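Data block below; observations after.
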Amino acid sequence: MISLELNFNLFTNDLSHYLKNQVKVGLFGSGVGLSVVLGFSAAYACYYLISVAKKPILIAGGKKFHEFLRDKCPVVSETYYPTFWCWESRVQTLLRPFVTAKPWVNYRNELIRAPDGGQISLDWFDNDDSPSHPDQSARPTVLLLPGLTGTSRESYILHMTPRTYCAANTEDLEVVIEHVQRTIDKAPLMAAGVSMGGMMLANYLGRKGSEVRLKGVVVFSAGWDVFECTASLEKPLDRFLFNSYLTSCLQASVDRHRTILEKKYDIDHVMKAKTIREFDERFTSIMFGYPSNEDYYRDASPIHKIKSVQVPMLCLNAADDVFSPNHAFPVEAVKQNPNVALLITCHGGHIGFLEGLWPRQSTYMDRVFRQFTKAIFEDGSGLDDLY
C-alpha cells in the first residue's frame, strides 16, 4: 500500500508540474494541445470526405429516364455534402424544423366538399406576379402533399375531416387533383409528396395507372413497406425519439373529433395506444374497414404498386432513414418500370438532407425538387413515351 501511495503521489506531482508549466497558457497556446486539435480536425475531415460525403445512387427502370435525369437534373450526379456537424440521420431529422428558414407565404384558402361529407382545405399560392406565366389558367402548378404532421405553412394541402386519413386511402387526393385540373384546365400539373404524403401519392399513381394526367411526380422520404417502417420505429431509441411523439399527434387529431368518433369507436382504448402500430390496430384499420391491421399495412405499402406507375416519378430516400429502412427500398420494382427512378443518398435522415455549414436557406431535397420540376415543365415532352 505504501509503494502504491508513493507512486500515486509522484504521478500527481508530475502531472501538476506539467499542467503548470506546459498548458498554463491554455489549450491553443500549448503546442501539444494545438497538435491534438489539429490532428483531430484532420482525422475528422478525412473521415467525413471518405465515409460521409458521397455521390447518390441513381436507379432507373429505363435508359431514357436515366439519361433525362443526368442531363436535366445535375443534382442527381453531384456529391451530397451533409452538414458536417449534423450528418447523423436522427440529428438531421430532428434539427431540420428548427434550423431551416420558414419564408412567409400568403395562401388563398379554398374548401372542397368531399364525397364522404367532410371538407378538404386546399391552400393556393397564386403567384400572380409571375412574369413568364401571367395567365393563371395556364400557369404550371405543383400540388404538394405533406407528411403525417404537416400543416398549411409547410404545404398546400391539409385534410380537415372528422374521418381521418391513412396512407392507403387516396379518395381525397383524387378529389383534389380532379378539382385542380378543372380549375386550371390549361395548366400543366405535377405533384410532390413528402413522407406519408409521398406514400399516398405513390399509391394513387399505382391504382390509377394510365388514367393519371399529371406530367410528373416527385416523392421524398416515403415509407415503402409499412411493416418494415413500423418495425424500425419500434426499436428502443427510435421509439423514444419519434414513435411516441407521432402516436400522440395521431391521438390528438382523433381527440379533437371525439364527440363524433366515439359514437362508432372506442376512443378511450385508442388514447391508450403507445405506438403507431397500436394506434392503427385500434383505430385506422377499423375506420377504413380492413379485416386486420396486417391487411391495412399491406394495402398501404407503395412497394406493391410501383409496377403500375405510368407517369415519370422520381423518388428520393436516404439510406440512413429510420422511418424507411433501406433494406425495404423498392430497388427491384423500380428496375422493372421505365417510368420510375430512385435516388438514394447515404445520409439525410427522414426529410432532413441538410447541407452547407449552416443549412438555413436550402437543402439537398429542395434542390432535387426545383431541378426536377423545372425539367419536367420545360422538357418533359421528351418523356411522353417511356415504354
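The values are calculated or read from the model by the stated rules, or taken from the named source; none is laboratory data. Here the structure is a predicted model, which is why all the values come from computation and not from measurement. Cβ coordinates were reconstructed from backbone atoms using ideal geometry, including for glycine residues, and neighbour counts include every protein chain displayed. Protein only, heavy atoms only, side chains kept; ligands, DNA and RNA dropped before computing areas. Shrake-Rupley method; radii C 1.70, N 1.55, O 1.52, S 1.80 Å.
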Any idea which of ASP379, ASP385, ASP320 is surrounded by fewer than 21 Cβ atoms within 10 Å (Cβ to Cβ) and either touching a Pro at 6+ places or on another chain (Cβ under 8 Å) or touching a residue at least 40 places away in the same chain (Cβ under 8 Å) (or both)?
-> ASP379
Residue satisfying condition, being touching a Ser or Thr at 6+ places or on another chain (Cβ under 7 Å) and either hydrophobic (A, V, I, L, M, F, W, C) or more than 19 Å from ASP172 (Cβ to Cβ) (or both), within set GLU228, GLU234 = GLU234
Could you say which residue among ASP320, ASP379 is among the acidic types (Asp, Glu) and either in contact with a His (Cβ under 9 Å, 6 or more places away or on another chain) or in a loop (DSSP other than H, G, I, E, B) (or both)?
-> ASP320
Selection count where residues are of a type in the set (Val, Ile, Thr) and either outside any helix (DSSP H, G or I) or open to solvent by 10 Å² or more (accessible area, probe 1.4 Å) (or both), scope segment 231-269 = 2
Please list, ordered by first then second residue, the pairs with beta carbon atoms under 8 Å, 6 or more apart or interchain, first in segment 332-352 and within 20 Å of LYS64 (Cβ to Cβ) and touching a residue at least 60 places away in the same chain (Cβ under 8 Å), second open to solvent by 10 Å² or more (accessible area, probe 1.4 Å) and assigned to a helix (DSSP H, G or I).
-> GLN336/LYS307; ASN337/LYS307; PRO338/LYS64; VAL340/ALA333; ALA341/HIS66; LEU342/VAL331
Scanning segment 181-200 residue by residue, the ones that are more than 17 Å from GLY380 (Cβ to Cβ) and under 24 Å from the mean Cα position of the chain (by Cα) total 8
